[in-house]
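Read the figures in this text as sums done on the coordinates, not as results from a lab. Since the structure is predicted, the reported quantities are computational estimates derived from the model, not experimental observations. When we count neighbours, we look across all protein chains shown, and the Cβ atoms used for this are built from the backbone with ideal geometry, even at glycine.
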Amino acid sequence: MRKYFALVVAAVISVVGVFPCVAEEGKILARPEIEKLTNEQLVNTYIDAKIESEAYKAFGRTGYSHKEYSEYRELLAFIVRLRQEMEKRQVDAPPVDEWLK
């Protein structure tokens, strides 16, 4: 029973630790707020939300320090910016994911 309680407490602490990160980076917008966004704002907000979601999936279950979470989120954002530039220049991305397997 104590192990179960300890696991629940650890899970709650790790999840609660994520929400301040989400709140700092941006808030969840209501439909009227979304409708007011320009196309560029809409794309950037979507990208930010996807990055935040991926970072949360990676660290939400395992526990993390705020620094590790922020660094991982920055890395995800960097990868997205690289891919955007590659698409803009019509450069094909190499199959890195396959190479890393």
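Quick check on segment 61-101: take the gyration tensor over C-alpha atoms, sort the square-rooted eigenvalues as a ≥ b ≥ c, and tell me if it's rounded (a/c under 1.5), prolate or oblate.
Working: a/c = 4.89, a/b = 1.75, b/c = 2.79.
Note, shape of segment 61-101 comes out oblate.
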Original post:
Under 23 Å Cα-Cα from Lys101, which lysines qualify once same-chain neighbours fewer than 8 residues away are excluded?
Top reply: Lys57
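Ranked from highest to lowest mean number of other Cβ atoms within 10 Å per residue, what is the order of the peptides 37-44, 67-74, 85-92, 48-55? Write out the running numbers ahead of the final one.
Values: 37-44: 10.8, 67-74: 14.5, 85-92: 9.1, 48-55: 16.6.
Those peptides, ordered most packed to least, come out 48-55, 67-74, 37-44, 85-92.
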